Amino acid sequence: MALAVPMALLDESVSWRDLAIRSIASSIIDAPTVRRHKLSNTEISNQNYVLVRVMLENGVEGYGEAATLGGPRWAEESVESIKSAIDVYLAPVLIGRHAASFEENALRLSKAASRNNAAKAAIEAAMFDAVGKSLGLPVTTLLGGAVRSSFSIIWALASGDAGQEIEEAQAKIERREHRRFKIKIGFAEPSVDIQRLRKIRTALGSDVEIIVDVNQGWSEATAMRWMPAFADLGVSLIEQPLPAAQIEQLGRIAARTSIPIMVDEAVFTSAEIIRAGQAGSGSVISLKLVKSGGLLELKRAAAVAGAVGMELYGGCLLESGIGAAAHLAVFSTLPKLEWGTEQFGPKILANDLVLEGPTFRDFEVHLAQGPGLGIVLDEERIKHMTRTGN
Ligand SMILES: O=C(O)C[C@H]1C=CC(=O)O1
Ligand SMILES: [Mn+2]
């Protein structure tokens, strides 16, 4: 099939050849976190990413990042599987192709490998970054234009130690960084989680927003028994209480609770979003690049979710400033984003991977500025954190 030349390239200063993909390189990064982060099914004190570098014929390099959480635990992809999917199956189908043919490139990626969403999203983010930098345009412009440049930003409390979590939350409020909190639960009995939450609620007061993420840790029976106690503590949202596959069961508990349910691990594809919508499984959806498999697909997921009546929440998988910039670029173009975002990942890292990227102030995260994703990598730090020997 002949490749169409995008209109922007009729500007003779950037030729078709300039935007051809010369190389795609991937590397594994192990980045320590400032503290232990616990989920119902795993815990980390090191975040693992695959950093993707797409080099164009004009010498411009774009960056993307695939995040994981606890190896192949949060989802089936691990940094090792992502790197080999990119190197062996995905990169080869894009070399020499036009980087700005985003839809066609996404089709080629989906023909080369099914799912592998984190890997595909990282490559697509890097292509957007490289093309944006080449054209002198922010990625948001390539995605249809931003309707917001800053977002209300949620922080996750996840050490499991109420005293530590209260101190951490109070410091975040004091520094005007966060006043909305998502608390990870489900690694202890609900009665223990309730005690922990009660301490946090008492210390922080009733004005502070509290969301809980169970990460699939409960059964339907446990949820039915304990959700009223969480409602009494003023929890505003319960994320993924049941195992991902239990869409109908989730629908049954959603119908019985006064707390909105957010679907996370249960919905990756648009078809899954529609199924969840039909089953009434949740009234809010967490949007993530590792689930959608690309920036354009995330926009479609948001539209489908909106059409089945779900409100939108800008999710994360503890991305660094690289992945956060890509998420915020897409989130900024969504007509609605009712719940703001939890793209706090750069702040959970002992050292972020970027020198310039999204910034955090006044309880908001602000879009990175400049062409492409607006990020500048901290190459020195990245060199230290790059895994060698693979
Ligand atoms: O939402 C998840 O399940 C994954 C992740 C995002 C924030 C956090 O604390 O954990
Ligand atoms: Mn979640």
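Quick one: net charge of Pro371's neighbours, Cβ under 11 Å, K/R +1, D/E -1? Walk me through the numbers before you get to the answer.
Values: positive: Lys133; negative: Asp129.
Net local charge, Pro371 excluded: 0.
Per-residue 3J(HN,Hα) values for segment 363-379, derived from phi via the Karplus relation 6.51 cos²θ - 1.76 cosθ + 1.60 with θ = phi - 60°, read 6, 9, 9, 10, 3, 5, 9, x, x, x, 7, x, 10, 10, 6, 8, 4 Hz in sequence order (x marks Gly and Pro).
Work through the residues other than Glu380 whose Cβ is under 15 Å from its Cβ and net out their charges, Lys, Arg +1 and Asp, Glu -1. Intermediate values should be presented prior to the final figure.
Numbers: positive: Arg381, Lys383; negative: Asp352, Glu356, Asp378, Glu379.
Counting the neighbours of Glu380, the net charge comes to -2.
To make sure I understand, if each residue's beta carbon is the centre and we count other beta carbons within 10 Å, what order do Arg179, Arg36 fall in, fewest to most?
On the way: Arg179 17, Arg36 13.
The most exposed by this proxy come first: Arg36, Arg179.
Across segment 151-177, the residues whose backbone nitrogen lies under 16 Å from the label position 7 Å along the beta-carbon direction of Asp207 are 170-177.
Here's how it looks for Lys182: its modeled amide H is under 5 Å from those of Trp155, Ala156, Leu157, Ile211, which are all 5 or more places away or on a different chain.
Phi angles of segment 218-234 translate, via the Karplus equation with coefficients 6.51, -1.76, 1.60 and θ = phi - 60°, into HN-Hα couplings of 10, 9, 4, 5, 4, 4, 4, 6, 9, 4, x, 5, 5, 5, 4, 8, x Hz per residue; Gly and Pro are given as x. Label-to-label distance for Asn46 and Tyr89 is 2.6 nm, based on points extended 7 Å past Cα in the beta-carbon direction.
Under the rule a/c < 1.5 gives rounded, and otherwise a/b versus b/c splits prolate from oblate, where does segment 78-170 land using the Cα gyration tensor? Oblate, because a/c is 1.5 or more while a/b does not exceed b/c.
Given a Förster distance of 25 angstrom, what is the FRET efficiency for Gln369 paired with Glu338, based on the Cβ-Cβ distance and rounded to 0.05? It comes out at approximately 0.50. Listed by Cβ neighbour count within 10 Å, with the fewest neighbours leading, Leu334, Leu233, Leu373 appear as Leu233, Leu334, Leu373. On full extension, the segment bounded by Leu233 and Val376 gains 47.3 nm, given 0.36 nm per residue less the C-alpha separation. When you filter the GluC sites (Glu not before Pro) in segment 26-135 for DSSP loop state and at most 13 other Cβ atoms inside 10 Å of their Cβ, you are left with Glu76.
Between Val192 and Ala171, what's the calculated FRET efficiency when r is the beta-carbon distance and R0 is 22 Å? Round to 0.05. Between Val192 and Ala171 the formula returns 0.35.
Residues whose amide H lies under 5 Å from that of Gln216, counting only those 5 or more places away or on a different chain, are Leu242; hydrogens are built 1.01 Å from N in the peptide plane. A straight chain from Arg35 to Arg22 at 0.36 nm per residue would run longer than the Cα-Cα distance by 0.8 nm.
Classify segment 130-260 as rounded, prolate or oblate from the Cα gyration tensor: take a ≥ b ≥ c as the square roots of its eigenvalues, call it rounded if a/c is under 1.5, otherwise prolate when a/b beats b/c and oblate if not.
On the way: a/c = 2.53, a/b = 1.46, b/c = 1.74.
Oblate.
Shape verdict for segment 142-383, please, from the Cα gyration tensor: rounded (a/c under 1.5), prolate (a/b greater than b/c) or oblate. Oblate, since a/c reaches 1.5 and b/c is not below a/b. For the peptides 116-122, 274-280, residues were scored by their other Cβ atoms within 10 Å and the scores averaged per peptide; the highest-first order is 116-122, 274-280.
Taking 0.36 nm per residue of separation and subtracting the Cα-Cα distance, what length does fully extending Ala221 through Asn351 add?
Numbers: separation 130, 0.36 × 130 = 46.80 nm, distance 4.16 nm.
Roughly 42.6 nm would be gained on extension.
Every number here is computed from the coordinates shown, using simple stated rules; none is lab data. On a predicted model such as this, the values are computed, not experimentally measured, just so you know. In this analysis, Cβ positions are derived from the backbone assuming ideal geometry, glycine residues included, and neighbour counts consider all displayed protein chains.
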